[in-house]
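The structure under discussion appears below in the form of structure tokens.
The values are calculated or read from the model by the stated rules, or taken from the named source; none is laboratory data. Everything numeric in this text was worked out from a predicted model, so none of it was measured. FYI the Cβ positions are ideal-geometry reconstructions off the backbone, even for glycines, and counts take in every protein chain you see.
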Amino acid sequence: MTTTERTWPDPAIAADLAALRARGPLVHCLTNLVVTNFTANVLLAAGASPAMVVAVEEVGEFVPVADALLINVGTVTAADAEAQRAAATAAAAAGTPWVLDPVAVGGLSFRTRLALDLLDSAPAVIRGNGSEILGLGGAAGGGRGVDSTSGSDEALPVAQDLAKRTGAVVAVSGATDYVTDGEEVVAVPGGHVWLTKVTGAGCALGALMAAFLPFAASPLQAAVDASAVFAVAAERAAAETRGPGTFATALLDHLSLLDT
Amino acid sequence: MTTTERTWPDPAIAADLAALRARGPLVHCLTNLVVTNFTANVLLAAGASPAMVVAVEEVGEFVPVADALLINVGTVTAADAEAQRAAATAAAAAGTPWVLDPVAVGGLSFRTRLALDLLDSAPAVIRGNGSEILGLGGAAGGGRGVDSTSGSDEALPVAQDLAKRTGAVVAVSGATDYVTDGEEVVAVPGGHVWLTKVTGAGCALGALMAAFLPFAASPLQAAVDASAVFAVAAERAAAETRGPGTFATALLDHLSLLDT
Amino acid sequence: MTTTERTWPDPAIAADLAALRARGPLVHCLTNLVVTNFTANVLLAAGASPAMVVAVEEVGEFVPVADALLINVGTVTAADAEAQRAAATAAAAAGTPWVLDPVAVGGLSFRTRLALDLLDSAPAVIRGNGSEILGLGGAAGGGRGVDSTSGSDEALPVAQDLAKRTGAVVAVSGATDYVTDGEEVVAVPGGHVWLTKVTGAGCALGALMAAFLPFAASPLQAAVDASAVFAVAAERAAAETRGPGTFATALLDHLSLLDT
């Protein structure tokens, strides 16, 4: 196992962001109803083109057109779950790379079963906080609700094991973000604690990983790209604001202002 | 009947806010799809931990874990109503204290019937605008849509009666907020008219009442705490902004900046 | 065919905005889950009263009470579609004027069929980007996702034809907005490219058209009113901000600050 650290500025990350902005990837999001708006705005600010197409009648037609897919189980209902299964299946069939965000998995059996099923459709990346990765990995996560009670470092061994078993890159968000393909571990420090005071910051980060997937050198690199870009935008936003309201607004600005 | 007035700064309210921040209560929200994001951000800014778990398959498992519950019928569908009934029942069984927000009740028969059913599960607090409290109380509320056409003072007698009949504390939002347990009436003046120009301000206030419930001295005190905290944050936000966009953003900042 | 250009300031537009603010029209919105919050805040900032009542059990009761209706198919599910059909039917029966926003129609068969059915209920205005109008008009729109790949000028001939066939005013959003009743064409230039970087800007514009419908001289005038008001608020917001986050916030402020 090698561990490296990556932060902005970094030529490879900047090149991927420049490519994202030039290409404007169509990112199909099946995400939770709390964060749809912020997720779409994060994707737009970064240069991607979000599309929330959620009906089971439509996902099979849309997934093959999209450049990447995000599935987030945060507020999943039975109808949503059906659409998410259909979307994951369509993604596997069409080769659309996709990200799984297992919000609060481990603590709730309905969504935990769903998330385990979705793993069969081979997500390129799994992104969660420490508790969620522990939950999905089968370990005893101390999670309550959707906020993490386990640090990202505690979850790292489980993340590596999960990556090896599923073939997905696993990203664990926390004070330091870790991204691993089971062998290599990349640490992305930085960001800001106010990211935990803005709902959907982690969810939007998962969507941003999807946006980088179509053209980064690897899913590992895509997850690192998104983490580093999000972290530096958060740092710049925090440096000039005083609380979570103005911080979230400034974060969108800085995502769009990053000079590649 | 005694009527008192409470505003920030107030030692008891500050102590409750300090406790809320220290404890970070997990507030389970079944709320309407217009305000999920803002509600979550208000709770986070104040120091609580929001969780929107909405599927009927999940609410029974989650309600007992949560520290408090909010049920808001603003955009309720038949599927949502089923989950809300299950959540309220689970809350009554588990002893999870909860807040009912009867958005537009009185004007629409489907949700009015639902709200009346939910009363059987003994909410700790009912929060609405004047028209909604009149509607729920069975009086002829002049409500059209979700904005109030009846002042909070007009609804006060109905609020007191509703409190006595249900055992819930009833909070009536308006230019002055009134909170009553049927006997005592507490007036919380302040706030700002721009709160009526930001969608979901009242809904978020209901969620904030839920956040205070687990450890305030009483449901009456929890409703007063939330009203006073929200009012002063709104005043400070309005004092430095010029319109509803920057106001809503600054409101989140000031909720997090309040010095206890 | 006559083509004229309209921009703010304009006495007729200002008079309609003053009337909107004085009357506070109740705008019933069945819109997509990405943009509910922003749409409601745009309506509130402009002076209207938004109400998102979405259940099939409730729309028939609410549509006749509302002053105008918006139907946006952006994230439509089968359940939503049923409610939208019921709402459109109720609007036609009650004479409630309404706006159809055919998000991503043309590219997805489920919603395309829905949108075509909804046309039977005689919307007063159809608002979309170039691709969507081309899609709805039956022409080969180059649309992918929800962002337009066809300019508003390219779609103008199809818009005029669609207006003639349906009797609706058709508004095509783009760098210049075009509004036509099939004969007259009004161009509304202005706005700002950042409107394409804020999710739901176009959707909110459709809602604003609905808000003007009840008392503008004609549906054409209502669509022009909303386009011109939105454009000037966007210009003023862009002039003082640096990115899409602060821009969206300032846009709400300027909608409320416009001096009639």
### Task
Kindly indicate which of B:Asp147, B:Asp225 is in contact (Cβ under 8 Å) with a residue 60 or more places away in the chain and among the acidic types (Asp, Glu).
B:Asp225
### Task
Answer yes or no as to whether B:Val232 is more than 14 Å from every other protein chain (Cβ to nearest Cβ), buried (at least 24 other Cβ atoms within 10 Å of the Cβ) and of a type in the set (A, V, I, L, M).
no
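Could you look through the range A:204-215, keep only residues that are of a type outside the set (Phe, Trp, Tyr) and in contact with an Asp or Glu (Cβ under 6 Å, 6 or more places away or on another chain), and pick out the one that is surrounded by the most Cβ atoms within 10 Å (Cβ to Cβ)? Can you show your working first?
Residues of the range A:204-215 that are of a type outside the set (Phe, Trp, Tyr), as a first pass: A:204-211, A:213-214.
Then drop every residue that is not in contact with an Asp or Glu (Cβ under 6 Å, 6 or more places away or on another chain), which leaves A:206, A:214.
Working: A:Gly206: 29, A:Pro214: 19.
If we take residues in the range A:204-215 being of a type outside the set (Phe, Trp, Tyr) and in contact with an Asp or Glu (Cβ under 6 Å, 6 or more places away or on another chain), then A:Gly206 is surrounded by the most Cβ atoms within 10 Å (Cβ to Cβ).
Just checking, which of A:Thr246, A:Thr199, A:Thr241 is touching a helix residue (DSSP H, G or I) at 6+ places or on another chain (Cβ under 8 Å), closer than 20 Å to A:Leu43 by Cα and part of a loop (DSSP other than H, G, I, E, B)? Please lay out each step first, then the result.
On the way: A:Thr246 fails: part of a loop (DSSP other than H, G, I, E, B); A:Thr241 fails: closer than 20 Å to A:Leu43 by Cα.
A:Thr199 is the lone residue from the list that is touching a helix residue (DSSP H, G or I) at 6+ places or on another chain (Cβ under 8 Å), closer than 20 Å to A:Leu43 by Cα and part of a loop (DSSP other than H, G, I, E, B).
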### Task
Test B:Val186 against the stated conditions and say whether it is farther than 21 Å from A:Ala248 by Cβ and not in a strand (DSSP E or B).
no
### Task
Select from the range A:32-84 the residues that are at the interface with chain C (Cβ under 10 Å from one of its Cβ atoms) and part of a strand (DSSP E or B) and write down the one among them that is farthest from A:Arg21 (Cα to Cα).
A:Ala51
### Task
Considering every residue within the range A:146-162, establish whether at least one is touching an Asp or Glu at 6+ places or on another chain (Cβ under 7 Å) and part of a strand (DSSP E or B).
no
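How about the range C:202-226: which of its residues are under 16 Å from C:Leu251 (Cβ atoms) and either more than 14 Å from chain A (Cβ to nearest Cβ) or outside any helix (DSSP H, G or I) (or both)? Step through it out loud before you land on a result.
Looking only at the range C:202-226, we keep the residues that are under 16 Å from C:Leu251 (Cβ atoms), and these are C:202-208, C:211, C:226.
Across the range C:202-226, the qualifying residues are C:Leu205, C:Gly206, C:Ala207, C:Leu208, C:Ala211, C:Ala226.
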### Message
Could you go through the range B:122-129 and let me know if any residue there is within 20 Å of B:Val76 (Cβ to Cβ), surrounded by fewer than 21 Cβ atoms within 10 Å (Cβ to Cβ) and at pLDDT 95 or above.
### Response
yes
### Task
Please tell me if A:Gly60 is more than 20 Å from B:Asn37 (Cβ to Cβ) and under 18 Å from the mean Cα position of the chain (by Cα).
no
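Taking the range C:1-16, which residues are in a helix (DSSP H, G or I) and either surrounded by fewer than 23 Cβ atoms within 10 Å (Cβ to Cβ) or among the small types (Gly, Ala, Ser) (or both)? Give the steps one after another, and end with the answer.
Narrowing the range C:1-16 to residues in a helix (DSSP H, G or I): C:11-16.
C:Pro11, C:Ala12, C:Ala14, C:Ala15, listed by residue number.
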### Task
Please specify each residue of the range B:87-110 satisfying the condition of being at negative phi and within 17 Å of the chain's Cα centre (by Cα).
B:Ala87, B:Ala88, B:Ala91, B:Thr96, B:Pro97, B:Trp98, B:Val99, B:Leu100, B:Asp101, B:Pro102, B:Val103, B:Val105
### Task
Look through B:Thr77, B:Thr89 and report the one residue that is modelled with pLDDT of 95 or more, out of contact with any Asp or Glu (no Cβ under 7 Å at 6 or more places or on another chain), under 14 Å from B:Thr31 (Cβ atoms) and surrounded by fewer than 21 Cβ atoms within 10 Å (Cβ to Cβ).
B:Thr77
### Query
Do we find that A:Val103 is within 13 Å of another protein chain (Cβ to nearest Cβ), buried (at least 23 other Cβ atoms within 10 Å of the Cβ) and in contact with a Lys or Arg (Cβ under 9 Å, 6 or more places away or on another chain) in this structure?
yes
### Message
Looking at the range C:99-113, can you tell me whether even one residue there is outside any helix (DSSP H, G or I) and in contact with a Pro (Cβ under 7 Å, 6 or more places away or on another chain)?
### Response
yes
### Task
Kindly indicate whether A:Ala22 is more than 10 Å from chain C (Cβ to nearest Cβ) and either among the basic types (Lys, Arg) or not in a loop (DSSP other than H, G, I, E, B) (or both).
yes
### Query
Out of the residues in the range C:248-260 that are more than 20 Å from the chain's Cα centre (by Cα) and more than 9 Å from chain B (Cβ to nearest Cβ), which is surrounded by the most Cβ atoms within 10 Å (Cβ to Cβ)?
C:Thr260
### Task
Identify the residue in the range B:131-146 that is modelled with pLDDT under 85 and in contact with a Gly (Cβ under 8 Å, 6 or more places away or on another chain) and, among all such residues, is farthest from C:Asn41 (Cα to Cα).
B:Gly141
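Considering only residues that are out of contact with any Leu (no Cβ under 7 Å at 6 or more places or on another chain) and of a type in the set (A, V, I, L, M, F, W, C), which ones fall in the range A:111-124? Let's see the steps before the verdict.
As a first pass, look at the range A:111-124 and keep what is out of contact with any Leu (no Cβ under 7 Å at 6 or more places or on another chain): A:111-114, A:116-117, A:119-122.
The answer is A:Leu114, A:Leu116, A:Leu119, A:Ala122.
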### Task
Check off (1) away from chain B (no Cβ under 11 Å); (2) touching a residue at least 40 places away in the same chain (Cβ under 8 Å) for A:Trp194 and give me the number that stays unchecked.
(1)
### Task
Select, from A:Glu240, A:Glu184, A:Glu235, A:Glu154, the only residue that is at pLDDT below 95 and of a type in the set (D, E, K, R).
A:Glu154
### Per-region count, the range A:189-202, residues farther than 18 Å from A:Ser150 by Cβ and among the hydrophobic types (A, V, I, L, M, F, W, C)
2
